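Chemist: Dropping the structure in here first, questions after.
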Amino acid sequence: MFKNYFKIAWRNLVKDKTHSFINVAGLSIGMMVAILISLWMYDELSYNKNFKNYDRIAQVIQNVTNNGEVQTWRSVPYPLSQELRKNYGSDFKDIAMAVDWNDSHVVTIGDKKLKETGGFFEKEMPEMFSLNMLKGKQNGLSDPSSILVSASAAKAYFGKEDPINKMIKIDQMQPLKISGVYEDFPENSALANLSFIASWDFWYSSNNQLKDMEDPWRPNFASMFVQINENADFDKVSERIKDAKLKKVNGQLQKKKPAVFLQPMSKWHLYSEFKEGKNTGGAIKYVNMVAIIGVFVLLLACINFMNLSTARSERRAKEVGIRKTIGSLRRQLILQFFSESLLTVILAFILSLLLAMLSLSFFNEVSNKHLSILWRNSFFWMASFAFIIVTALIAGSYPAFYLSSFRPVKVLKGTFKAGRYAALPRKVLVVLQFTVSVALIIGTMVVYRQIQFAKDRPVGYSRANLVSIPIMDSSIHNHFNAIRDDLLQTGTITSIAESNGSTTYIGSSSSTFNWRGKDPNLSIDFGAVGVSYDYGKTTDWQIKDGRDFSIDFATDSSGMILNEAAALFMGLKHPVGETITGWNKHFTVVGVIDDMVMESPYNETRPVIYISTADQGNVILLKINSTVSTKNAINKIEAVFKKFNPGQPFEYTFVDDEYAKKFGDEERIGKLAGFFTVLAVVISCLGLFGLTSFVAEQRKKEIGVRKVLGASVVSVWNLLSKDFVLLVFTSLLFAIPLSYYFMHEWLQSYTYRTQMSWWIFAAAGAGALVITFLTVSFQAIKAAIANPVKSLRTE
């Protein structure tokens, strides 16, 4: 019986090639989208699940009150580690502090110097994160003079040689002995780029400033990871350790009301955003958005199958009548039509796998992933089987129940007509199709408009030709003047400056500042950036009041410049000349600048102070001469830096490239949404093309009569086109308010956001109507110019 079902299904597919092609092509595109999105979601949802203790690991973070708002910090003071061990140890199996674990370091092996990402961890880290040791043991960090390296790093450092007991040097610290090699972490892991793991004790012993610190509870620079006991609960442990820091800090820091809590590893990636101390989500919003798009695109493909199958109902009516007359039950007919749906879906799935393979490299580039088809994963094949069955049921449900309901008496007498309301479900489905397509077009336009709006935001300085070079040791700082003179003589730069932070990131902050009229109970946290005299000239920041730092003023060694947000927060109407105290020192405000966008371009600018300092920074900024070739300029700059610091690998970044990375997540989602929107429109057009073709064929004799009676091509075109155009216009009435509502809600997550202008909806609507006209017109004009003699002689 089932063999017969599939034999008939295959014959029907081969018989009507145009209808079959549209069905298979539409379904395959929809299924390809579903496969790609499923792979992407699988990668996102399995983030960090490679760790054996995934469901028991958490990061200790804190909420603090600053500048009138509750901020969430992922860094904590390092004495908190011992405090938790001493007074809350019953809740934890392991505690591990970490520092610089996402930073770049200069790794020296003999004469070879490489820039690698690594970190310093307490000895409990390897067991907590279940390192898969390829050589050596997990307890390698018990010896502070030892270091663990990843397999890829060991290969890069030593090739095929055995790396165990080999010596390597991190930055300017003492050499360390390799005691173990661990398997590289997966790409979808928080530790993916960790090339080496060194000892926290070794790092601490190399930093005399920490050991001599008067109040070690003040700086927050360390990361803390914990593994709770099997019988412990994250929320209950968070409640118990809430005041662990508050009890230890001084009165000034107590004003910040620090509250310590745990964030489980399961939330690190997808739920990383906090607002006013509460978790507001994160990347999960993109996962949900893309998942919804995938469901809708697949639904559009299924709607095509439903529409084209039911549109051919009169052709299949006689077949249904004969089958029922010779004894076929309705459930058998339903199975027959479901078998046709299943065969179509199987063919579409095979084609969709091929399309997915061909488009995977493009998809990976857009999504910034390293995805591949999971051929060897049994779950993939089980999910694929379920996917085929569900899609076949969705696509074939309406045709199966509709076609199997025909009454054989009417069919065989030739009195069967589909009825005046038979086309209503098809019209509803067409409206649904274009409602989804237009909503996706509008959503994609809003996403791109929001990105462009943030890109066009005034940043308060000039990024053009601005280059940032990291400082790894004191060599560059000690020879700063000589480097400046050499570079200026070559004519490759116009200015150079030193800073303790990047122009696109605030790496240091302070809460110690006081000013006239400050509320003594106010808890503050200002970004604090130490800069050399020519920083303003190099970045071309915009002086709003007062003047820039100048070497001609000896008093500028204790000078300070405020950004506009800081001056406004302090409530100083005329800040220039005011005295600001902090770090046991008095500073005089010499100027106020326009806000420099150094953090997220979607948020308000943070209050920042800039202090003139002769201390060593960690970044060199250069303004390349616009009249010089960039490539030649970089080569000359590298030669000068190598001259004064041959030990450090020369690395640089253009500031505009670094700033562009701030739009990475939104741009990726925008590109993905645009890609899927185009496919959604293609699927909708395929369905519309098929329906127009069927209607034109169904009304072929009517069109022939009209042409014989003198109807023009335009009137015939209008006859076939107006109904479809009306359906698309109806879809706009649903798509526009729905898309407005959801995109308005999406924009609310951004402080600095665009407005949804009327032209976005007008352009999307006009585009949908134009696409409809073009799709429908092909078949309409083809029918209108056909020879009426042929259509009237068909019987």
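Chemist: Suppose R0 equals 41 Å; then what is the FRET efficiency for Y505 and K17 from their Cβ-Cβ distance, rounded to the nearest 0.05?
Modeler: That pair, Y505 with K17, gives E of 0.10.
Chemist: Considering only protein heavy atoms, what per residue accessible area in square angstrom results for the chain with a 1.4 angstrom probe?
Modeler: 47
Chemist: Further, regarding this structure: Taking K701 as the anchor, which lysines have their alpha carbon closer than 18 Å to its alpha carbon, excluding any fewer than eight residues away along the same chain?
Modeler: Filter leaves K417, K782, K790.
Chemist: Output wanted: per-residue J couplings in Hz (rounded whole) for the range 171-181, from phi through Karplus 6.51 cos²θ - 1.76 cosθ + 1.60, θ = phi - 60°, x for Gly and Pro.
Modeler: So the Karplus estimates, Gly and Pro as x, are 6, 9, 7, 5, x, 10, 9, 6, 10, x, 10 Hz.
Chemist: With unit charges on the beta carbon (Lys/Arg positive, Asp/Glu negative), name the residue among F734, A259, T344 whose Cα is farthest towards the positive pole of the charge dipole of the chain.
Modeler: Projecting each Cα onto the dipole axis, the largest value belongs to T344.
Chemist: Could you pull out every one of the aspartates and glutamates with an alpha carbon less than 16 Å from that of K112, ignoring same-chain neighbours closer than 8 positions?
Modeler: E161, D171, E651
Chemist: Scan around S146 for amide H atoms under 5 Å from its own, H built in the peptide plane at 1.01 Å from N, and keep only partners 5 or more places away or cross-chain.
Modeler: Those lying under 5 Å, H to H, from S146 are K177.
Chemist: Can you tell me, using C-alpha contacts under 8 Å and at least 6 residues apart, the relative contact order of the chain as a whole percent?
Modeler: 16
Chemist: May I pose another question? Go ahead and estimate [θ] at 222 nm for the chain from helices alone: -39,500 (n - 2.57) per DSSP H run with n ≥ 4, summed, over the residue count, rounded to 500.
Modeler: Rounded to the nearest 500, it is -16000 deg cm²/dmol.
Chemist: Quick check: at a probe of 1.4 Å, how many percent of the accessible area of the chain sits on carbon and sulfur atoms?
Modeler: Accessible surface attributable to carbon and sulfur in the chain totals 56 percent.
Chemist: Which distance in nm do the two modelled labels at K642 and W381 give, with both placed 7 Å along the Cα-to-Cβ direction?
Modeler: Going from the K642 label point to the W381 one covers 5.5 nm.
Chemist: Once phi is turned into θ = phi - 60°, what whole-Hz ³J(HN,Hα) does the Karplus curve with 6.51, -1.76 and 1.60 give for every residue of the range 109-118, x standing for Gly and Pro?
Modeler: 10, x, 8, 8, 10, 10, 9, 10, 9, x
Chemist: Let me ask another. So for S341, S600, what's the accessible-area order with a 1.4 Å probe, most first?
Modeler: Largest to smallest exposure gives the sequence S600, S341.
Chemist: Extending each Cα 7 Å along its Cβ direction at T581 and F362, get the distance between those two points in nm, one decimal.
Modeler: 6.5
Chemist: Would you please put 247-258, 20-31, 607-618, 560-571 in order of how densely packed they are, using the mean number of other Cβ atoms within 10 angstrom per residue and starting with the highest?
Modeler: The most tightly packed comes first, giving 20-31, 560-571, 607-618, 247-258.
Chemist: Okay, moving on. Under a point-charge model restricted to the Cβ atoms of Lys and Arg (+1) and Asp and Glu (-1), what is the dipole moment magnitude of the chain relative to its Cα centre, in debye to the nearest 20?
Modeler: 5500
Chemist: What helices in the chain pass both tests, a Cα length along the helix axis of 24 Å or more and a mean Kyte hydropathy of -1.0 or higher, using whole DSSP H runs?
Modeler: Qualifying helices: 17-45, 284-311, 330-367, 378-403, 424-455, 664-698, 713-747, 758-784.
Chemist: Could you tell me which of T627, F363, M598 has its Cα farthest along the dipole of the chain towards the positive end, charges placed at Cβ (Lys, Arg +1; Asp, Glu -1), taken about the Cα centre?
Modeler: After comparing all options, I get F363.
Chemist: To continue, here is another question. Taking R0 as 22 Å, what's the FRET efficiency between I373 and S152 from their Cβ-Cβ distance, rounded to 0.05?
Modeler: Given R0 = 22 Å and the Cβ-Cβ separation, E is 0.40.
Chemist: Also, quick follow-up: L568 to V390: extension gain in nm, 0.36 nm per residue of separation minus the Cα-Cα distance?
Modeler: 58.2 nm
Chemist: Right, something else. Roughly how far apart, in whole Å, are the Cα centres of the range 563-602 and the range 503-533?
Modeler: 8
Chemist: How high is the relative contact order of the range 475-591, in percent, with contacts defined as C-alpha pairs under 8 Å that are six or more residues apart?
Modeler: That works out to 25 percent.
Chemist: Cα extents of the chain along the three principal axes, largest first, in whole Å?
Modeler: Principal-axis extents of the chain (Cα, largest first): 104, 59, 54 Å.
Chemist: When all C-alpha to C-alpha distances in the range 467-583 are sorted into bins of 5 Å, what percent of pairs does each bin hold, rounded to whole numbers?
Modeler: Percent of Cα pairs in each bin: 2, 9, 17, 21, 20, 14, 8, 6, 2, 1, 0.
Chemist: Given a Förster distance of 51 angstrom, what is the FRET efficiency for K701 paired with M41, based on the Cβ-Cβ distance and rounded to 0.05?
Modeler: Computed FRET efficiency for K701 and M41 comes out at 0.50.
Chemist: Going highest first, how would you order 223-232, 480-489 by mean Cβ packing within 10 Å?
Modeler: 223-232, 480-489
Chemist: Counting only C-alpha contacts under 8 Å and six or more residues apart, can you give the relative contact order of the range 36-94 as a whole percent?
Modeler: Dividing the mean separation by the residue count of the range 36-94 yields 18 percent.
The values are calculated or read from the model by the stated rules, or taken from the named source; none is laboratory data. Small disclaimer: the values here were computed from a predicted structure and weren't measured. Neighbour counts are summed over all protein chains in view; Cβ atoms, including those assigned to glycine, are modelled from backbone coordinates with ideal geometry. In case anyone asks, the SASA skips ligands and DNA or RNA and just uses the protein heavy atoms, side chains included. Shrake-Rupley method; radii C 1.70, N 1.55, O 1.52, S 1.80 Å.
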